[in-house]
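Down below is the structure, laid out as structure tokens.
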């Protein structure tokens, strides 16, 4: 999510405040992205469906008060999703393996390379899941959702500097776990 | 293994050129989310719920209005009474002249990415009565389609004149801003609704250029190992066979008889994982061993059965089904039972209760369905998990998993007969004596042999099977298990699975369908996964045919449809060749070539070509054509480059070319040229040609 809010999106969001059809278009546009993100956090289909429903119902309720700050509309949805997931996370832990959720996205390497990389990916993401919640959220939004620091800061209600610090601390902890002798 | 991140100013400050941190960041960024399981009914149901709430809200009076304040007791009670009579008058006026929402809203129940039946009309729903003529004159449809309109209240049904929309097509239905209510309230801005139609039926079985129907026969029989007690299964690549020896050893041996080895001892049960490797129970534990011999402990408890749901390992322990390593059961059999038969996809399980009743259990929900008829022996699932076979009443029965559609497909078959169901829909049935083969619709029953073939197990989608005879493990091939007609369907299924993996972005799964040459065709580029913008959204078959005599190949042209968000914007065609791996008997994708990427919405597009009928070629398009432009713009030429004399008939977006001079087995080229135009005069979006071999 690297682009700014597009003009046609702005007008769509404005219309969605009063026009159900426009809200339906926003739903069609962002359902999959939100569901995928929520599933990656919950790792359970039923829980992901519950949380995704909650996200869009909250969005429907909240959209009349939504104010365009120049950030992509989807950042606002992420903000709702991150908070909703955090509420659920407290009461239930994910049940599906990390391997079920992440995959290597490039084509071409040999099967042997893929196996090695898959193992690396699995290890790194397993550590991410054990990080403190703020570090985990910042890293997931940055690397999995490809968001800009400024948008992550808006989603998390923190300064850009604080988000950078969270990512740095999280990454240092990953290194400390996987590279013996490296500073934590 | 060092990887550099692509430039990201956001990260420069964070990592300060620390190569280790950059490496871990590269690993995190190199991964993509695997496509999560998604119930389309959930998606559409949530949308309906949201839109209902949104509509209710848009029609609800705003809080804090002067009206609600007026009635708030006690301060304005008198004022309320005073205006009561006035309001009553207003009420009657409103009855005669009802108020409608100030904004005209149009919606549809069709989703841009959920295909509808092409015979279904497109329905537009307005939130208030509309001026019919104004709306109908405001509608434009791409691809060009002649339609008729029917109003049902505030709903407009748009029906193609030919009663069928084109299959595999995303329609853009645009309602111009001028569409108005009888009072002149307009839509305000143009609205485009996307409607996707379902695919045409999958490729039909097609005779080879010189058909030579043969009854299946067993060939290439060879003894692999002795002694053996039970066949566990084949590796997914059909290169290795796993079996249990009488002393409890879990052994593996190459399909060619080489590389015999013991993987583990004292094994009580085992199952081959779809991802490769074996999961087995031994000494009260469940363990997994990978193809390279790595052993891992999954559970410290004994299992009664091991099966798989995608990449998840499931274990039946007593009446509970657990995911390996899980503490809480994912499903429970809530009554005493005697036998259980899990489906290959792990989504269902059939069990027989203590009273002999057969019951289907959905493992993803607590739903159970009891069969009406009783069963006694083994229940064998079809590889696609959509049907089961069992022996009852002296015959082999095939039914859906809920037992509701049992049909006898072979008799006499003794109780206790063993059945193996191939991916190419051939069932092997152990007889007394010997082995028989039959298709699931009861066709092609053949007694293959009078010899003993105990516990047959098919190798994936191959024609090879393993069996036991006199305590030894053997394998053999059923020579025409694919059959000339079935092979095309089997290949189409392979290509479908390959394409589905690509749409999901699962490169590992997609690569498993390729042989070395196929992997070469996709190496070194981003062609396998199209994940950018636009991304690969769906695919469909344009044509399929069996290769010429002497070249045992299948050829498919598959269209990759690329979308931005939910709008389909471009496509490209890939020609995929499938052949049978001679060593393993598996169908694999051998080669692939891609045509140029072309834009959608720029004129008529060829959807598919049928070359399976002798003397005929039919070209299906997505647009209603100007029939005067058909002649001369669809041509056939022979391998020598000379034009073939043809006659053409155009109807319902299909051009049927009849050429009596087509010679079976000979190569021809079909060309559709840009002089062809739709009813709006828009020319063919891109010239189309297809090399094919005529059938006889």
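Could you give me D for the range B:106-196, from Stokes-Einstein at 4 °C and 1.567 mPa s, where the hydrodynamic radius is the Kirkwood radius over C-alpha pairs? Units µm² s⁻¹, please.
98 µm²/s
Looking at the calculated P(r) for the range A:1-95, what percent of the C-alpha pair distances fall above 16 Å?
53 percent
I need the fraction of alpha carbon pairs in the range B:485-693 separated by more than 33 Å, rounded to a whole percent.
18 percent
How fast does the range B:380-482 diffuse by Stokes-Einstein, in µm²/s, taking the Kirkwood radius from C-alpha pairs at 4 °C and 1.567 mPa s?
Once the numbers are plugged in, D ends up at 96 µm²/s.
Roughly how many whole Å is it from the C-alpha centroid of the range A:1-76 to that of the range B:110-188?
Using only Cα atoms to place each centre, the spacing works out to 27 Å.
Computed from the mean reciprocal separation of all distinct C-alpha pairs, what Kirkwood hydrodynamic radius does the range B:208-355 have, in Å?
16.9 Å
Shape verdict for the range B:321-435, please, from the Cα gyration tensor: rounded (a/c under 1.5), prolate (a/b greater than b/c) or oblate.
Here the range B:321-435 falls in the prolate category.
State the Cα centre-to-centre distance between the range B:398-475 and the range A:128-184 in whole Å.
56 Å
Take the alpha-carbon positions of the range B:568-666, form their convex hull, and give its projected area averaged over all directions (one quarter of the hull surface) in nm².
8.9 nm²
Only the coordinates and a few stated rules stand behind these numbers; no lab work does. None of these values were measured; they are calculated from a predicted model.
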